[in-house]
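Written below as structure tokens is the structure these notes are about.
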Number of protein chains: 2
Amino acid sequence: MAYQTSWGLRSLVKEDGTLELSLVEVTLSPPKDDEVVVRVEATPINPSDLGLLLSAGNVASAKVSRDGVRTTVMAPIAPAAMRALAPRVGQPMPVGLEGAGVVVDAGSSPEAQALIGKTVSIFVGGMYEQFRKAKAGDCLVLPAGIKPEEAGSAFVNPLTALGMLETARREGHKGLVHTAAASNLGQILNRVCLTDGVPLVNIVRSEEQVQIIKELGAGHVVSSARSSFKDDLVAALKVTGATLAFDAVGGGKLAGQILVAMEAVAVGASGETYNMYGSTVHKQVYIYGSLDSGPIELTRGFGMAWGIGGWLLFHFLAKVGPEIEARLKARVANEIRTTFASRYTRTISLVEALDLNVISAYSRRATGEKFLINPSLAVE
Amino acid sequence: MAYQTSWGLRSLVKEDGTLELSLVEVTLSPPKDDEVVVRVEATPINPSDLGLLLSAGNVASAKVSRDGVRTTVMAPIAPAAMRALAPRVGQPMPVGLEGAGVVVDAGSSPEAQALIGKTVSIFVGGMYEQFRKAKAGDCLVLPAGIKPEEAGSAFVNPLTALGMLETARREGHKGLVHTAAASNLGQILNRVCLTDGVPLVNIVRSEEQVQIIKELGAGHVVSSARSSFKDDLVAALKVTGATLAFDAVGGGKLAGQILVAMEAVAVGASGETYNMYGSTVHKQVYIYGSLDSGPIELTRGFGMAWGIGGWLLFHFLAKVGPEIEARLKARVANEIRTTFASRYTRTISLVEALDLNVISAYSRRATGEKFLINPSLAVE
């Protein structure tokens with residue numbers, strides 16, 4: 001079968017402190033009874049994919065070598081970063097969390113056979129391959145007429161946005177704050193909140209980003225680049241009643257500033273007499289990204305009812321269980337052309353994904369820029 | 001009745017930036033049907049009481065004036081601290097979270113009448129008074145023979161220690177970490193953990209404190225003053241499986257260091273292949289104190305399954321509800337001479353509590369030092 005000699009991308013951290021990205025020949029074994037083979041046609045480069053793909057490699061110093069299709073990129077890794085990478089040294093790792101394509105073969109079970117010819121999205125990792133095997137039960141079947149390139153990003157950002165709302169509901173918050181809000185994820189979250197009528201405070205870092213998110217109908221946008229940031233934030237929190245924030249930045253003072261602003265609103269609203277422990281309103285920030293990988297600095301002033309923590313989609317899904325996960329995925333499939341539509345800066349082949357200029361472009365993680373790999377594009 | 005002309009202590013922040021501590025005459029109205037009047041004989045100066053009593057006043061520059069019993073201490077407050085104190089400016093505040101004494105009068109209800117002559121502990125604030133009214137239902141009746149000085153500290157530290165264990169159980173942790181572990185609270189927590197068989201890692205800041213807590217039978221003691229601190233901590237966490245810490249320090253890097261050490265143990269134990277998001281083991285630090293009021297600095301390296309938050313006894317009790325609170329209090333009453341026994345550096349009268357040398361001593365918050373006020377000692 002054709003897929004037995006396909007190509008796939010691997011990321012390897014070598015003991016000598018080199019990151020090696022390469023295209024390798026992949027030999028798939030035939031699908032088991034409950035498995036299907038998907039011809040991958042759309043798989044995005046998410047920030048979370050970049051973490052695994054580029055790791056701590058310095059792409060500005062990368063070098064490329066080619067032998068026909070066999071492409072190899074080598075980039076140095078700073079010695080200080082190698083310690084945390086020790087567990088992955090020597091293991092060539094497949095990359096690509098999510099993607100979509102067409103089922104071209106299937107095992108003997110009726111569930112698997114029923115998927116032949118269908119366009120499906122899968123979220124099983126290792127998607128930067130021309131063909132990917134998956135269990136029939138892991139395939140999200142898209143409504144008729146949806147093309148793979150419309151459904152390549154059906155999981156990471158859509159489920160993260162829905163997971164944030166679900167978290168807010170479960171923990172009793174009536175409004176949300178989101179940082180780096182002009183991002184692809186931020187745009188989706190903004191659409192979901194508008195659709196569901198959940199108040200959202202969008203924090204962005206430039207006037208350009210204010211425009212991007214306002215044009216999408218966002219009601220509350222504050223820029224951390226303005227000198228009036230702290231007051232603007234308090235004003236927006238007052239109107240929305242938001243007591244939960246999802247922060248993509250991580251490092252620096254932002255998370256603490258959000259808590260301080262929330263506390264100012266809570267103390268002002270309570271009308272209570274002086275309490276040296278602050279308000280009784282629980283204020284929460286979940287850090288889900290690492291745009292600033294420096295230390296998180298919390299200058300206190302937000303009372304005793306507060307929390308900060310990590311938030312990861314996989315942990316969230318494990319916590320809420322398969323029923324909720326299925327409900328969220330069904331919503332994504334139904335609204336894939338509207339609420340959860342993604343736009344891409346550029347679509348590239350697997351070989352182009354290892355082009356130094358292209359790597360330089362997608363490694364910038366620029367707001368609003370997103371690359372899509374179509375592994376079915378010719379590599380030779 | 002005698003208690004109508006008693007004395008009480010007040011803490012006042014004045015608009016001109018002065019802290020004023022004073023002894024004032026208090027006129028109590030007669031008790032309502034469900035109220036009792038307690039002659040207060042033992043009320044400790046807890047760190048949390050010092051926060052309200054001294055606030056940001058600079059006691060090194062304090063001045064005292066006396067007019068008979070009427071004593072007034074004035075201390076300057078730094079202008080920068082005044083902003084946070086704005087809500088309490090101009091309000092003379094009673095002080096003293098908890099205490100014990102003898103019921104000397106009661107309202108007409110059977111429940112109140114039944115308490116006359118009984119030794120009770122109460123946790124209603126404003127205990128630095130010669131007489132304090134309280135609802136009969138708020139009185140914890142001590143077993144026969146217990147004296148007020150044995151039961152003055154029945155709530156803040158005992159309920160905090162029990163609340164920490166209850167929190168650990170509710171959130172699924174099998175062991176605890178405690179910082180500033182040689183404190184009065186730390187000693188109680190150590191006894192509770194030994195009694196209940198809960199593994200406890202005691203973090204202290206000096207060799208002297210290592211000795212204090214080891215002599216009390218603590219099994220796991222690590223000193224942050226040793227160069228081997230990080231390794232010692234990892235080793236202790238490995239043995240105990242502790243994934244929850246209660247931190248009295250707050251500012252600085254300690255909370256983050258604890259998370260990093262917990263993550264090292266979790267990654268080592270999992271035997272999993274590389275996961276760039278770290279382990280799936282949830283690691284939690286609750287900050288309940290402010291020995292270092294500077295910024296909390298989290299240098300990451302503990303994956304995505306983590307949380308830090310404020311922990312306050314009052315919030316904990318509100319969350320778990322009256323049944324659990326009653327159960328915990330009953331345990332304190334039963335074990336007040338053993339598990340929950342407190343020792344004091346010195347017992348003072350209300351007038352002595354405003355002596356500049358005494359203020360200087362208790363404001364040092366030295367580990368192992370604790371002052372007890374006996375308001376029934378003569379003030380004239």
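The same position A:G268 in the other copies lies at 4.9 nm from this copy, comparing label points 7 Å beyond Cα toward the beta-carbon, shortest first.
Structure note, pairs B:K214/B:K253; B:K32/B:K147; A:K174/B:K230: Cα-Cα distances above 32 angstrom occur for A:K174/B:K230. Fewest neighbouring Cβ atoms within 10 Å first, the residues B:D67, A:D33 line up as B:D67, A:D33.
For the stretch A:167-252, the percent of C-alpha pairs falling in each 10 Å distance bin, counted from 0 to the bin holding the largest distance, reads 19, 56, 24, 1. Based on Cα atoms of the stretch A:222-262, Rg over Rh with Rh as the Kirkwood radius reads 0.93.
The stretch A:51-133 gives an Rg/Rh value of 1.12, both radii derived from C-alpha positions and Rh following Kirkwood. Principal semi-axes of the equivalent ellipsoid, √(5λ) from the alpha carbon gyration tensor of the protein assembly as shown, are 59, 27, 24 Å from largest down.
The P(r) of chain B has a tail past 40 Å containing 20 percent of all C-alpha pairs.
Across the copies of the chain, B:P143 has label points (7 Å from Cα along Cα→Cβ) spaced 7.1 nm apart, shortest distance listed first. Antiparallel as a % of all DSSP beta bridges within chain B, to the nearest 5? Of those bridges, close to 60 percent are antiparallel. Sorted shortest first, the separations between the A:G117 label point and its copies elsewhere in the assembly read 9.5 nm; each point sits 7 Å from Cα along the Cα-to-Cβ line. At the listed q of 0.24 Å⁻¹, the Debye profile of the stretch B:203-292, built from one uniform point per Cα, gives log10 I(q)/I(0) equal to -1.32. What separates the Cα centres of the stretch B:349-375 and the stretch B:175-203 is a distance of 26 Å. Just the number, please: Stokes-Einstein D of the stretch A:1-153 in µm²/s, Kirkwood Rh from C-alpha pairs, 4 °C, 1.567 mPa s. This corresponds to a translational diffusion coefficient of 79 µm²/s. Taking other Cβ atoms within 10 Å as a rough exposure proxy, B:T347, B:T167 sort from fewest to most as B:T347, B:T167.
Helix B:322-334 axis versus longest C-alpha principal axis of chain B: approximately 80°, rounded to the nearest ten.
Here the Kirkwood formula puts the hydrodynamic radius of the stretch A:301-380 at 16.6 Å, using every distinct Cα pair. Here the stretch B:245-315 was treated as a single set of alpha-carbon atoms; its pair distances binned every 10 Å from 0 give 21, 47, 24, 8, 0 percent. One equal scatterer on each Cα of the stretch A:76-214, no solvent, Debye formula: the resulting log10 I(q)/I(0) at q = 0.11, 0.14, 0.22 Å⁻¹ is -0.63, -0.90, -1.16.
With N counted as the residues of the stretch B:17-83, its alpha-carbon radius of gyration over 2.2 N^0.38 Å works out to 1.45.
Estimated from the Cβ-Cβ distance and a Förster radius of 60 angstrom, the FRET efficiency linking A:T299 and A:I116 is about 0.55. Seen against the Cα atoms of chain A and their longest principal axis, helix A:156-170 is set at about 30 degrees.
In this structure, A:T5 and B:Y274 have a Cβ-Cβ separation that, at R0 = 30 Å, corresponds to a calculated FRET efficiency of about 0.60. Taking all pairs of different Cα atoms in the stretch B:320-360, averaging 1/r and flipping that mean, what Kirkwood radius in angstroms comes out? In the stretch B:320-360 this quantity evaluates to 13.0 Å.
Every helix of 4 or more DSSP H residues in chain B counts as -39500 (n - 2.57), and over all residues that averages to -9000 deg cm²/dmol at 222 nm.
Any read-out appearing in this document is the output of simple, stated calculations on the displayed coordinates, not a laboratory observation. Quantities reported herein were computed from a predicted structural model and do not represent experimental measurements. Positions of Cβ are backbone-derived with ideal geometry, glycine not excepted, and every protein chain shown enters the neighbour counts.
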